[in-house]
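The values are calculated or read from the model by the stated rules, or taken from the named source; none is laboratory data. This structure is a prediction, so every number in the text was calculated from the model and none was measured. All Cβ positions, even for glycine, are placed from backbone atoms using ideal geometry, and neighbour counts span all protein chains on display. Quick note on the areas: whole protein, heavy atoms, side chains included, nothing else; ligands and nucleic acids left out. Shrake-Rupley method; radii C 1.70, N 1.55, O 1.52, S 1.80 Å.
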Amino acid sequence: MELHKSITRENLRHLMTVFYEKAMEDEELGPFFINELGDDIKDEDWVHHIDLLADFWLSELLGESTYYGNFIGAHIKLPRIKKEIFATWLKLFSTAADDVYVPELAITFKKKGVRLSKEFMRNRLV
Ligand code: HEM
């Protein structure tokens, strides 16, 4: 598939789908998502989650007022997330960004991913 040169809600949904398909397959990272949302990415809970995350990234990267979720609350209820699992998150997220966007845009996602996952680790989530 051709790499995207701009960010749209539609291609953000695609990024999220590519990322979560890989995340679900990972032995350590997968169960966090499967326990909350099930193992079928076509299910209603997943569709909702992917929509929510597309809104989250629209607001993070384009400054659109699309995300009014509960970022902290969603993670605080999860079992303890080890540092290594964040590394896996980041690796899979970065690979997904490279698969979906041109390099100039993929780097923006990767930088933001690094920043947000570091912020997570600082704020108790490990
Ligand atoms: C290993 C690290 C992570 C794990 C295991 C994880 C897991 C999860 C799970 C299971 C949910 C769904 C909770 C639910 O709907 O009940 C969720 C929600 C979410 N995650 Fe993560 N997450 C991780 C890292 C991150 C990072 C680094 C970001 C930001 C770039 C992020 C952004 C979000 C957002 C925006 C939501 C939606 C929160 C809401 O309900 O408004 N997550 N996460």
Discussion item. From the helices alone, meaning DSSP H stretches of at least four residues, give me the mean residue ellipticity at 222 nm for the chain, per-run term -39500 (n - 2.57), in deg cm²/dmol to the nearest 500.
Written reply: -23000 deg cm²/dmol
Discussion item. Please compute the per residue accessible area over the chain with all protein chains in place, 1.4 Å probe, rounded to a whole number of Å².
Written reply: 59
Item to complete: Excluding residues on the same chain fewer than 8 positions from Lys82, give the lysines whose Cα lies under 25 Å from its Cα.
Response: Lys22, Lys91, Lys110, Lys111, Lys112, Lys118
Discussion item. Need one number: nm distance between label points at Lys82 and Lys111, each 7 Å from Cα along Cα→Cβ, rounded to one decimal.
Written reply: 3.2
Item to complete: Can you bin the chain into rounded, prolate or oblate? Criterion: square roots of the alpha carbon gyration tensor eigenvalues sorted a ≥ b ≥ c, rounded for a/c under 1.5, prolate for a/b above b/c, oblate for the rest.
Response: rounded
Fill in: Estimated FRET transfer efficiency (Glu27, Glu104; beta-carbon r; R0 25 Å; 0.05)
0.15
Discussion item. Using Cα-Cα distances under 8 Å and only pairs 6 or more residues apart, what relative contact order does the chain have, in percent?
Written reply: 32
Discussion item. Give me the percent of accessible area attributable to carbon and sulfur for the range 18-102, probe 1.4 angstrom.
Written reply: 51
Worksheet item: Can you give the charge dipole size of the chain about its Cα centre, rounded to the nearest 20 debye, using +1 on the beta carbon of Lys and Arg and -1 on the beta carbon of Asp and Glu?
Response: 860
Fill in: Fully extended contour minus Cα-Cα distance, from Met121 to Ser65, at 0.36 nm per residue
17.6 nm
